[in-house]
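Visitor: Have a look at the structure that comes next, please.
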Amino acid sequence: MAAITGLDRPEDSTPKPASNAPDFPSDFLWGCATAAHQVEGGNINNDWWAFEHNPSTAARESSGDGIDQFHRYAEDFALLKALRHNTHRLSLEWSRIEPAPGEFSQSAIAHYRRVLTELADAGLVGFVTLHHFTLPAWFAERGSWLAPDAIDTFERYCRLVTTELGDLMPYVCTINEPQMIALHGYLEGYHPPGVTNPILWRRVGRVLLEAHEAAVRAVHECAPGAKAGLAVQLPLLVPARSDDTTRAFCAAMRAEIVDLYLDGLSGADRGDWLGVQYYRKQWVDTASPTLFAPPPAGTQVSQMGWAVFPEGLRLMLHRAAETGLPLYVTENGIATDDDAERIDYIESHLYAVAQARREGIDVRGYIHWSAFDNFEWSEGYGPKFGIIAVDRENGFARTPKPSAYAFARVAASGRITDLRHTHSY
């Protein structure tokens with residue numbers, strides 16, 4: 001594990017002026033997120049592995065060994081704890097746990113029990129995602145989310161997992177970004193199954209909302225001590241032009257990508273909390289073959305081409321708060337090779353979260369994407385989202401970036417200004 005320097009001196013006991021009061025309370029959750037397929041390596045039995053190895057798809061390269069976290073989770077958790085995190089979000093790989101229909105791997109379950117035990121022993125509150133993009137190959141071959149028994153099959157998996165591991169899951173995220181599963185996989189063809197069909201896009205979105213409700217029932221019945229929630233990506237969608245047609249089309253896209261999921265969280269099985277994932281502002285354009293226009297000239301963009309607009313996070317937290325659920329920012333980050341730009345990004349977006357809290361929005365934690373530079377789906381290993389670099393050519397060595405230490409300072413103190421300071425806690 002990389003040495004942690006400059007963070008181990010005791011907190012300064014000198015009285016602080018009122019203006020130096022923390023921006024966030026002492027019980028606020030601070031951490032980073034990962035997903036199994038992006039970090040574990042060797043997930044050869046899921047739909048993404050097949051997609052990566054099909055030359056006709058959008059995938060640029062194979063996930064391969066990931067960053068070998070399947071074997072290095074203990075040192076990774078220790079590193080995150082040393083960086084003053086008090087929570088961590090990760091996912092379980094369904095294709096490892098259920099490699100064939102109804103056939104559950106005791107070895108995989110035992111592995112994830114060791115992982116989650118190590119997480120708890122490291123003092124990190126676990127946010128455990130049950131489905132983060134990847135599906136078992138057999139599930140995909142049967143029609144994925146359009147199969148007639150898709151929801152029942154997913155609920156069976158959720159019941160098994162929460163029965164076996166629920167005592168180690170304080171927070172359970174049922175599904176990661178159902179909007180993006182539907183949009184990228186069934187309208188844009190950018191993710192598995194690589195379909196471009198607007199009818200199926202809308203259908204899958206509604207199936208995923210039902211699947212979330214089924215998973216919530218499973219969690220509540222099989223792991224009563226766990227709190228279940230949905231993690232939704234909420235881009236700030238705006239019309240590319242001011243004409244009525246474009247504005248109406250933008251409203252229609254917003255209805256499918258944002259409103260469907262937020263307004264749909266209204267029944268008994270809606271969950272106990274909501275994860276907000278925010279990255280960008282997007283311009284909706286009827287004239288574009290992708291339905292989205294590129295950001296205007298001069299806009300700050302990430303390696304992904306995403307427009308940086310921190311005010312959008314505050315606005316989408318307000319929108320998410322209309323559900324009445326407690327909120328956690330479960331993903332927020334920037335792909336960049338310039339770590340100073342990452343620190344700027346974290347700072348501006350934390351100010352947006354703090355402002356939303358001052359305006360009465362119940363935000364209880366901030367989980368940055370990502371802990372490590374890792375596999376970014378169809379974009380491969382090019383985009384760098386991590387606060388920790390990984391040298392995949394040199395034994396997967398981990399090296400915290402300056403942003404990791406900056407984030408540690410604010411996590412320790414709750415003050416955003418400490419991102420820029422050099423003192424330690």
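Visitor: Quick one: is Ile67 of a type in the set (Val, Ile, Thr) and over 27 Å from His212 (Cα atoms)?
Guide: So Ile67 fits the description; yes.
Visitor: Let me ask something else. Answer yes or no: is there a residue in region 387-399 that is touching a Cys at 6+ places or on another chain (Cβ under 8 Å), touching a residue at least 60 places away in the same chain (Cβ under 8 Å) and either crowded, with 23+ Cβ neighbours inside 10 Å or part of a helix (DSSP H, G or I) (or both).
Guide: Quick first cut of region 387-399, residues touching a Cys at 6+ places or on another chain (Cβ under 8 Å) only: 387.
Next, only the ones that are touching a residue at least 60 places away in the same chain (Cβ under 8 Å) stay: 387.
Now narrow it down to the ones that are either crowded, with 23+ Cβ neighbours inside 10 Å or part of a helix (DSSP H, G or I) (or both): 387.
Yes; the residues of region 387-399 include at least one that is touching a Cys at 6+ places or on another chain (Cβ under 8 Å), touching a residue at least 60 places away in the same chain (Cβ under 8 Å) and either crowded, with 23+ Cβ neighbours inside 10 Å or part of a helix (DSSP H, G or I) (or both).
Visitor: Same structure, new question: If I filter region 328-354 down to residues being over 15 Å from Ala404 (Cα atoms), of a type in the set (Gly, Ala, Ser) and touching a Pro at 6+ places or on another chain (Cβ under 7 Å), which single residue comes out as surrounded by the fewest Cβ atoms within 10 Å (Cβ to Cβ)?
Guide: Only one residue fits best here, namely Ser348.
Visitor: In region 131-158, what residues are in a strand (DSSP E or B) and closer than 20 Å to Gly275 by Cα? Steps first, please.
Guide: Looking only at region 131-158, we keep the residues that are in a strand (DSSP E or B), and these are 131, 136.
Residue satisfying the conditions is His131 alone.
Visitor: If you scan region 355-377, which residues turn out to be of a type in the set (Gly, Ala, Ser) and either without any contact (Cβ under 8 Å) to a residue 24 or more places away in the chain or surrounded by fewer than 19 Cβ atoms within 10 Å (Cβ to Cβ) (or both)? Give the steps one after another, and end with the answer.
Guide: Narrowing region 355-377 to residues of a type in the set (Gly, Ala, Ser): 356, 360, 365, 370-371.
Result: Gly360, single match.
Visitor: List the residue pairs whose Cβ atoms are under 7 Å apart, where the first residue sits in region 400-418 and is under 18 Å from Glu341 (Cβ atoms), the second is surrounded by fewer than 22 Cβ atoms within 10 Å (Cβ to Cβ) and charged (D, E, K, R), and the two are 6 or more positions apart or on different chains.
Guide: Once the first residue is under 18 Å from Glu341 (Cβ atoms) and sits in region 400-418, its partners that are surrounded by fewer than 22 Cβ atoms within 10 Å (Cβ to Cβ) and charged (D, E, K, R) give Lys401/Asp339; Pro402/Asp339; Ser403/Asp339; Ile416/Asp23; Ile416/Glu347.
Visitor: Do we find that Asp344 is acidic (Asp, Glu), part of a helix (DSSP H, G or I), without any contact (Cβ under 8 Å) to a residue 60 or more places away in the chain and over 25 Å from Tyr171 (Cβ atoms) in this structure?
Guide: On the way: acidic (Asp, Glu): yes; part of a helix (DSSP H, G or I): yes; without any contact (Cβ under 8 Å) to a residue 60 or more places away in the chain: yes; over 25 Å from Tyr171 (Cβ atoms): yes.
For Asp344, the condition - acidic (Asp, Glu), part of a helix (DSSP H, G or I), without any contact (Cβ under 8 Å) to a residue 60 or more places away in the chain and over 25 Å from Tyr171 (Cβ atoms) - is met.
Visitor: Residues being in a strand (DSSP E or B) and of a type in the set (S, T, N, Q): count how many of those fall in region 197-240.
Guide: The initial filter retains those residues of region 197-240 that are in a strand (DSSP E or B), namely 227-233, 236-239.
Filter once more, so that each one left must be of a type in the set (S, T, N, Q): 233.
Total satisfying the criteria: 1.
Visitor: From Asp272, Asp263, Asp259, grab the single residue that is touching a Lys or Arg at 6+ places or on another chain (Cβ under 8 Å) and surrounded by fewer than 16 Cβ atoms within 10 Å (Cβ to Cβ). Give the derivation first.
Guide: Details: Asp263 fails: touching a Lys or Arg at 6+ places or on another chain (Cβ under 8 Å); Asp259 fails: touching a Lys or Arg at 6+ places or on another chain (Cβ under 8 Å).
After applying the criteria, what remains is Asp272.
Visitor: Continuing with the same structure: Condition first: among the aliphatic types (A, V, I, L, M) and more than 17 Å from the chain's Cα centre (by Cα). Now tell me which residues in region 306-326 satisfy that. Give the steps one after another, and end with the answer.
Guide: Within region 306-326, the subset among the aliphatic types (A, V, I, L, M) is 307-308, 313, 315-317, 320-321, 325.
Those that are among the aliphatic types (A, V, I, L, M) and more than 17 Å from the chain's Cα centre (by Cα): Ala307, Val308, Leu315, Ala321, Leu325.
Visitor: Next question. Just name the residue that is surrounded by the most Cβ atoms within 10 Å (Cβ to Cβ) out of those in region 166-181 that are assigned to a helix (DSSP H, G or I) and touching a residue at least 60 places away in the same chain (Cβ under 8 Å).
Guide: Our first condition is that a residue be assigned to a helix (DSSP H, G or I); within region 166-181, this holds for 166-168, 178-181.
Next, from what is left, pick out any that are touching a residue at least 60 places away in the same chain (Cβ under 8 Å): 166, 178-179.
Working: Gly166: 22, Pro178: 27, Gln179: 20.
In this case the residue turns out to be Pro178.
Visitor: Failed condition for Asn394, given (1) within 19 Å of the chain's Cα centre (by Cα); (2) closer than 27 Å to Glu61 by Cα, with all others met?
Guide: The one condition Asn394 does not meet is (1).
Visitor: Please identify the pairs in which a residue from region 142-158 that is surrounded by 18 or more Cβ atoms within 10 Å (Cβ to Cβ) and at pLDDT 95 or above has its Cβ atom under 7 Å from the Cβ atom of a residue that is of a type outside the set (Phe, Trp, Tyr) and in a loop (DSSP other than H, G, I, E, B), counting only partners at least 6 apart or on another chain.
Guide: Going by the 7 Å Cβ cut-off, the qualifying pairs are Ser144/Leu135; Ser144/Pro193; Tyr157/Glu98.
Visitor: When you scan region 31-130 for helices (runs of 4 or more DSSP H) that lie fully inside it, which ones turn up with 1 or more residues that are without any contact (Cβ under 8 Å) to a residue 60 or more places away in the chain and surrounded by 18 or more Cβ atoms within 10 Å (Cβ to Cβ)? Break it down into steps so the answer makes sense when it comes.
Guide: Numbers: elements: 36-39, 47-52, 69-82, 94-97, 106-121.
Qualifying helices (runs of 4 or more DSSP H): 47-52, 69-82, 94-97, 106-121.
Visitor: Looking at region 241-248, can you tell me whether even one residue there is hydrophobic (A, V, I, L, M, F, W, C), in a loop (DSSP other than H, G, I, E, B) and on the phi < 0 side of the Ramachandran plot?
Guide: Filtering region 241-248 down to residues hydrophobic (A, V, I, L, M, F, W, C) leaves 248.
Okay, now just the ones that are also in a loop (DSSP other than H, G, I, E, B), so none.
No, that holds for no residue.
Visitor: Does region 146-158 include one or more residues that are touching a strand residue (DSSP E or B) at 6+ places or on another chain (Cβ under 6 Å) and either farther than 24 Å from Asn54 by Cα or not basic (Lys, Arg) (or both)? Walk me through it before giving the result.
Guide: Within region 146-158, the first condition is being touching a strand residue (DSSP E or B) at 6+ places or on another chain (Cβ under 6 Å), and the residues that meet it are 158.
Restricting the remaining residues to those that are either farther than 24 Å from Asn54 by Cα or not basic (Lys, Arg) (or both) gives 158.
Checked region 146-158: at least one residue is touching a strand residue (DSSP E or B) at 6+ places or on another chain (Cβ under 6 Å) and either farther than 24 Å from Asn54 by Cα or not basic (Lys, Arg) (or both).
Visitor: Hey, Thr336 hits all of (1) more than 22 Å from Phe24 (Cβ to Cβ); (2) β-branched (Val, Ile, Thr); (3) part of a helix (DSSP H, G or I) but one; which does it fall short on?
Guide: (3)
Visitor: Any idea which of Glu347, Glu376, Glu331, Glu359 is under 25 Å from Ala59 (Cβ atoms), in contact with a helix residue (DSSP H, G or I) (Cβ under 8 Å, 6 or more places away or on another chain) and of a type in the set (Asp, Glu)?
Guide: Working: Glu347 fails: under 25 Å from Ala59 (Cβ atoms); Glu331 fails: in contact with a helix residue (DSSP H, G or I) (Cβ under 8 Å, 6 or more places away or on another chain); Glu359 fails: under 25 Å from Ala59 (Cβ atoms).
Among Glu347, Glu376, Glu331, Glu359, only Glu376 is under 25 Å from Ala59 (Cβ atoms), in contact with a helix residue (DSSP H, G or I) (Cβ under 8 Å, 6 or more places away or on another chain) and of a type in the set (Asp, Glu).
The values are calculated or read from the model by the stated rules, or taken from the named source; none is laboratory data. Note that the structure is predicted; figures quoted are calculated from it, not measured. Please note: Cβ atoms are built from the backbone with ideal geometry, for glycine as well, and neighbour counts cover all protein chains shown.
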